[in-house]
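The values are calculated or read from the model by the stated rules, or taken from the named source; none is laboratory data. Predicted model, so just to flag it, every value in this text is computed and none were measured. Cβ sites come from the backbone with ideal geometry, for glycine too, and all protein chains shown count toward neighbours.
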Amino acid sequence: MSPLNKETILSKIERLERNSDILDGYKKLSEPDFFNDYTIHGAAMHYLVESIEIIIDAGSHILSECFEKSPATYKDIVLELGNEKIVPFEFSTKNAEMADFRNLIIHGYASIDLNEVYQSLQKAPDIFRQFAKYYIDFLEKASEK
């Protein structure tokens, strides 16, 4: 088992926080402004996907290095974060669907419902920040051991 690379996780968290700030700007747009501007909703989808991937990647690293677990799917990673109390269990179960949303944007791009993207955008920055907080808390506790 290799050591937990805290610097890598912290750099990912910085990017996640930056993405959350960017997404906050997009979520302030009215629905018509969001729907009618291809550049804006395309950029919002990019930052949503990238942020979900950061959460999954950092979570996978923690699970692998600290708990010797390698969940099979992205959704399983989010759920296992709750099982291992890296994030609260209820929080993990409530947000596990983000992995499905990521897959929809990447693989179902031809049939994406912009209403769903806009609705997700309204909640995502705060959820992403909460994941960042839980990861930082976990890293601080791991440093104390």
### Query
Which fully enclosed helices (runs of 4 or more DSSP H) of the range 1-88 have 1 or more residues being closer than 14 Å to Leu139 by Cα?
6-27, 38-67, 74-83
### Query
For the range 93-114, which residues satisfy the criterion of being modelled with pLDDT of 95 or more and more than 11 Å from the chain's Cα centre (by Cα)?
Thr93, Lys94
### Task
Among the residues of the range 43-70, write down those that are of a type in the set (Phe, Trp, Tyr) and more than 19 Å from Ala124 (Cα to Cα).
Phe67
#### Entry: Selection status of Tyr118, within 16 Å of Ala44 (Cα to Cα) and without any contact (Cβ under 8 Å) to a residue 12 or more places away in the chain
no
### Task
Could you please give the count of residues in the range 127-145 that are touching a residue at least 60 places away in the same chain (Cβ under 8 Å) and either hydrophobic (A, V, I, L, M, F, W, C) or surrounded by 12 or more Cβ atoms within 10 Å (Cβ to Cβ) (or both)?
9
### Task
Kindly indicate the residue of the range 1-45 that is surrounded by fewer than 17 Cβ atoms within 10 Å (Cβ to Cβ) and of a type in the set (Gly, Ala, Ser) and also nearest to Asp113 (Cα to Cα) among those meeting that condition.
Gly42
### Message
Any residue at all in the range 97-118 that's outside any helix (DSSP H, G or I) and either within 18 Å of Glu7 (Cβ to Cβ) or of a type outside the set (D, E, K, R) (or both)?
### Response
yes
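From Phe138, Phe131, Phe91, which residue is assigned to a helix (DSSP H, G or I), in contact with a helix residue (DSSP H, G or I) (Cβ under 7 Å, 6 or more places away or on another chain) and closer than 19 Å to His46 by Cβ?
Values: Phe138 fails: closer than 19 Å to His46 by Cβ; Phe91 fails: closer than 19 Å to His46 by Cβ.
After ruling out the rest, the residue left standing is Phe131.
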### Query
Condition test on Ala44, is it closer than 16 Å to Gln130 by Cβ and in contact with a helix residue (DSSP H, G or I) (Cβ under 8 Å, 6 or more places away or on another chain)?
no
### Task
Restrict the check to the range 25-42 and report whether at least one residue is under 25 Å from Gln122 (Cα atoms) and under 16 Å from the mean Cα position of the chain (by Cα).
no
